[in-house]
Amino acid sequence: MVTLDKVSVEVSVVLGRSKMPIHQLLRMGRGAVIELESGEEDEVEIRANDLPVARGLVVVQGNRIAVEVRELIKRPSGLDS
């Protein structure tokens, strides 16, 4: 039986995106706020090892933040092993 308990996967969630000139980014300091092109009710993208794998919604329960998976994204056929 193959064990997967030692496989590392980096999971990230993309909350939104923003475009700005590099000179504006370089002038930002600690505490700066970057406005995103999405709202709090918009879906987020869930990525595993920098590949999109699912979409979901941010859920706040008390002082905890989580992501509820709503839809799995199918892999392109060229990535099947």
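Nothing in this text is a laboratory measurement; each read-out follows from the coordinates by a stated rule. All values derive from a computational prediction rather than experimental measurement. Cβ: placed from backbone, ideal geometry, glycine included. Neighbour counts: every protein chain shown.
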#### Entry: Other-chain or far-sequence residues with amide H under 5 Å of Ala54's (modelled H)
Ile46, Ile73
#### Entry: Approximate spin-label separation Glu43-Leu72, in nm, with each point projected 7 Å along Cα-to-Cβ
1.5
### Task
May I ask you to evaluate 6.51 cos²θ - 1.76 cosθ + 1.60, the Karplus curve with θ = phi - 60°, for each residue of segment 45-51 and list the ³J(HN,Hα) values in order in whole Hz, giving x for glycine and proline?
9, 9, 10, 10, 6, 6, 10
### Query
In debye, nearest 20: dipole of the chain around its Cα centre with unit charges on the Cβ of K, R (+) and D, E (-)?
280
### Volume per residue that the Cα convex hull of the chain spans, once the total is divided by residue count, Å³
195
### Summary
Residues whose built amide H sits under 5 Å from the amide H of Leu36, excluding neighbours closer than 5 in sequence, are none
### Query
What are the residues whose amide H is under 5 Å from the amide H of Val67, where those residues sit 5 or more places off or on another chain and H is modelled from the backbone?
Val59
